[in-house]
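Visitor: Structure incoming, see below.
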Amino acid sequence: MSISIFDREYTIEQKEALLGYALILPSVLLVAASLVYPVAYNVYLSFTEIPLDATQSPEWVGLANYEALLTDPEFHQAAVNTVVFTFFSDVGATALGLGVALLFRNTFRGDGVMRGLVLLPYIAPLIAVAFVWRWLLDGNWGLAAYVLRDVLSVYPGGEDIRRNIETVILFDTWRYFPFAFLLILARVRSIPNELYEAAKIDGAGRIARFKDITLPELKFVIATVFLLRWIWNFNVFSDVWLFVGNDVPILGTFVYVKGFETFPPNQGFAAAVANLMVVALLVFVIVYARFVLEW
Amino acid sequence: MLGELITSVARSVRGASSRFRRRSIEAPSWERALFYLAIGVVLFVSLFPFYYMLVTSLVDETWLYRTPPQAIPSLSALTLENYDALFGSETAPFVRYFLNSLLIATVSSALGLAFSIFGAYSFARLEYPGRTLFARGVLVNYMFAGILLVIPLFQIIVALDLVNRIGLVVTHFIFVIPLGLYLLGNYFRSVPREIEEAGLMDGYSRLEVIVRITLPMSKPAIVATYMYAFLLSWNEYLYASVLLRDQSQYTLPIGIEQLQYAYQNVWGDVMAASVVTTIPVLLIFLYLQKYLVEGLNFGSMD
């Protein structure tokens, strides 16, 4: 190694620092190559039209992609759907995760095993859970569709409930509530029981205890979970695509459809959409971190 | 491992039941009933789809496609024909998809780990300017989900002429690095400094300390990280779908998707394929239980 050649000229601290750089460098270079460069390259691509033939280089078109975007009703629809989907599936997963975490606050017979089982929707491969829900909601033969439509009359016959944005939100809530559950549970179990006992002795009721002890103790973890889920839901692609295809267009599927599923593909346009997503997400994260997390 | 699992379950049950007795004195019985009802509902909602996945994979078509659909199969409808079709079929070479997924996940997570072990050690233990910047950079990755980068990465991969499984292995392995840096960095920080310093005193160089002391001590964490990386690759859909053109190279998610779109009403086969895809994940999950929280919280790559 090059470091040993210069053994005599460096102090131990300097050697350690050099070794530190040497060890981290490959990872940093690779991650930069896969993150920093593509992000910058994507900005360039969004000002171009990318030809189908890979041997030709992209043609500069200026702001044309962005202009086309702003007047594209499909883009508007996808943007609105994304915000609705992100907000409600985030609230759903966080609230359900909180509820289940509170159920698991005290240990009980078999709680370790049950905790593991509750995590299954989140652990299992996406392709498996997306398709089992498609099958359960299948208009002709699906069991859940039959129960909801014919037994409980939740929705009228002839409608395909899977293609509603509400159903996509519920699917996502079902898949990701265990994530919120796990994070919140760790915090819930660390709230000292004495707090509750003291409050009880002081005559605080169930609701008062929840409002004045549980919520303040969990405020930070809930806010963090909400932020993390927001980031992922906003960027979601595979979950929605495998569950409902392009029937509920969101920005993630819009990028994919424009870039890979239409002919001819319009990748410059898709790149512009992805850039706007990055900007919107950054703004959200900064505002959220400043005003909600108070960093 | 099974023995360990059983003793730990037994211990937690014993511990829980004594606490439970204490609890049951204060809680009125209607409240306990409500509590178990709620737990029951949560478990039912979480698990029913998996139960139905298994049932669907094990019954014949006549039971599957009839109205009204039922939740519990009759014994006479049980069959393994869906699995036979899956493993014998020539139109959808499922075994090949399985092996492709296995190969890509094994190789890409091993490569990712090889890089991230040293990177993680570097910012967990060694002191140098810019270290915290690198550590924070790992978290920025969090925001850039696959879909935001798919166009530029695809263009780069096309330019490198790697639109095949090599390109996919490279993508997966680079995506795994931040996860590895994060998980292993946390673990290395927990290795007592004194042990490493003793090694340095004995005349080991820093690299020797890493290879002979730190890595052997971190074996469980390294195995766990490897498995998380494996799962990321095993489940990944987006990049596999844009980079794999040739059916003989398909991974499981792409293969199962094809199966479902190419034929009408093959839910028995699709669910059998889903079961087979889920089983390795469950086995890994059982092993990983104790490392659960950290790894799962880092999230997925798309």
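The values are calculated or read from the model by the stated rules, or taken from the named source; none is laboratory data. This is a predicted model, so every value here is computed, not measured. Note that each Cβ is placed from the backbone with ideal geometry, even for glycine, and that neighbours are counted across all protein chains shown.
Visitor: So is B:ILE195 within 11 Å of chain A (Cβ to nearest Cβ) and not acidic (Asp, Glu) or not?
Guide: no
Visitor: Identify all residues within region A:237-251 that are out of contact with any Leu (no Cβ under 9 Å at 6 or more places or on another chain) and under 22 Å from A:ALA272 (Cβ atoms); write none if there are none.
Guide: A:VAL240, A:ASN246, A:VAL248, A:PRO249, A:ILE250 - these are the residues of region A:237-251 that are out of contact with any Leu (no Cβ under 9 Å at 6 or more places or on another chain) and under 22 Å from A:ALA272 (Cβ atoms).
Visitor: Tell me the helices (runs of 4 or more DSSP H) entirely within region B:229-300 that contain at least 2 residues that are facing chain A (nearest Cβ under 8 Å) and at pLDDT 90 or above.
Guide: B:238-243, B:252-262, B:267-288
Visitor: Continuing with the same structure: Looking only at residues that are without any contact (Cβ under 8 Å) to a residue 12 or more places away in the chain and of a type outside the set (Val, Ile, Thr) in region B:51-76, which one is surrounded by the most Cβ atoms within 10 Å (Cβ to Cβ)?
Guide: B:PRO69
Visitor: Restricting attention to region A:124-146, report how many residues are touching a residue at least 12 places away in the same chain (Cβ under 8 Å) and either touching a strand residue (DSSP E or B) at 6+ places or on another chain (Cβ under 6 Å) or within 7 Å of chain B (Cβ to nearest Cβ) (or both).
Guide: 5
Visitor: While we're here: Would you say B:LEU162 is of a type outside the set (Asp, Glu) and either in a helix (DSSP H, G or I) or buried (at least 22 other Cβ atoms within 10 Å of the Cβ) (or both)? Explain how you work it out, then say what you get.
Guide: Values: of a type outside the set (Asp, Glu): yes; either in a helix (DSSP H, G or I) or buried (at least 22 other Cβ atoms within 10 Å of the Cβ) (or both): no.
In short, no.
Visitor: Looking at this structure, is B:VAL163 without any contact (Cβ under 8 Å) to a residue 60 or more places away in the chain and either within 23 Å of B:ALA135 (Cβ to Cβ) or within 14 Å of another protein chain (Cβ to nearest Cβ) (or both)?
Guide: No, not satisfied.
Visitor: Somewhere in region B:151-158, is a residue farther than 25 Å from B:GLN247 by Cβ, at the interface with chain A (Cβ under 8 Å from one of its Cβ atoms), more than 20 Å from the chain's Cα centre (by Cα) and part of a helix (DSSP H, G or I)?
Guide: Let us first name the residues in region B:151-158 that are farther than 25 Å from B:GLN247 by Cβ, namely B:152.
Remaining after also requiring at the interface with chain A (Cβ under 8 Å from one of its Cβ atoms): B:152.
Still in the list and also more than 20 Å from the chain's Cα centre (by Cα): B:152.
Filter once more, keeping what is part of a helix (DSSP H, G or I): B:152.
There is at least one residue in region B:151-158 that is farther than 25 Å from B:GLN247 by Cβ, at the interface with chain A (Cβ under 8 Å from one of its Cβ atoms), more than 20 Å from the chain's Cα centre (by Cα) and part of a helix (DSSP H, G or I).
Visitor: Run down A:VAL273, A:VAL257, A:VAL278 and say which single residue is more than 10 Å from every other protein chain (Cβ to nearest Cβ) and either touching a Pro at 6+ places or on another chain (Cβ under 7 Å) or β-branched (Val, Ile, Thr) (or both).
Guide: Within the list A:VAL273, A:VAL257, A:VAL278, the selection yields A:VAL257.
Visitor: Okay, moving on. Take A:ILE3 and decide whether it is at pLDDT below 85 and either touching a helix residue (DSSP H, G or I) at 6+ places or on another chain (Cβ under 9 Å) or away from chain B (no Cβ under 11 Å) (or both).
Guide: Judged against the criteria, A:ILE3 is a match.
Visitor: Among helices (runs of 4 or more DSSP H) lying entirely in region A:87-198, which contain 3 or more residues that are within 30 Å of A:LYS211 (Cβ to Cβ)?
Guide: A:111-118, A:165-188
Visitor: Out of everything in region A:206-242 that is more than 14 Å from chain B (Cβ to nearest Cβ) and small (Gly, Ala, Ser), what residue ends up being farthest from B:ASN141 (Cα to Cα)?
Guide: A:ALA208
Visitor: What number of residues in region A:101-122 are aliphatic (A, V, I, L, M) and at the interface with chain B (Cβ under 7 Å from one of its Cβ atoms)?
Guide: Number satisfying all stated conditions: 6.
Visitor: Moving to a separate point now. Looking at region A:79-86, is at least one residue in contact with a Lys or Arg (Cβ under 9 Å, 6 or more places away or on another chain), surrounded by 15 or more Cβ atoms within 10 Å (Cβ to Cβ) and either assigned by TED's automatic domain parsing to the domain that holds A:LEU195 or without any contact (Cβ under 8 Å) to a residue 40 or more places away in the chain (or both)?
Guide: yes
Visitor: Hey, another quick one. Let me spell it out: the conditions are (1) part of a helix (DSSP H, G or I); (2) surrounded by fewer than 22 Cβ atoms within 10 Å (Cβ to Cβ), and A:ARG229 meets all of them except one. Which number is the exception?
Guide: (2)
Visitor: Find the residue count for region A:30-77, including only residues that are more than 20 Å from A:PHE263 (Cβ to Cβ), assigned to a loop (DSSP other than H, G, I, E, B) and either of a type in the set (Val, Ile, Thr) or more than 11 Å from chain B (Cβ to nearest Cβ) (or both).
Guide: Here the count works out to 4.
Visitor: Return the total of residues in region A:34-59 being at pLDDT below 80 and surrounded by 14 or more Cβ atoms within 10 Å (Cβ to Cβ).
Guide: So the answer is 1.
Visitor: Across region A:239-265, what is the total count of residues that are surrounded by fewer than 19 Cβ atoms within 10 Å (Cβ to Cβ) and not in a helix (DSSP H, G or I)?
Guide: Number satisfying all stated conditions: 7.
Visitor: Which one is farthest from A:ALA22 (Cα to Cα) among residues in region B:82-133 that are modelled with pLDDT of 90 or more and of a type in the set (Val, Ile, Thr)?
Guide: Top of the filtered list is B:VAL95.
Visitor: Residues that are in contact with a helix residue (DSSP H, G or I) (Cβ under 8 Å, 6 or more places away or on another chain), surrounded by fewer than 22 Cβ atoms within 10 Å (Cβ to Cβ) and not in a helix (DSSP H, G or I): does region B:183-203 have at least one?
Guide: yes
Visitor: Further question on the same structure: Within the bounds of region B:63-76, is there any residue that is polar (S, T, N, Q) and away from chain A (no Cβ under 14 Å)?
Guide: Within region B:63-76, one or more residues are polar (S, T, N, Q) and away from chain A (no Cβ under 14 Å).
Visitor: Mind checking whether some residue in region A:171-184 is under 30 Å from A:PRO125 (Cα atoms), charged (D, E, K, R) and at pLDDT below 95?
Guide: no
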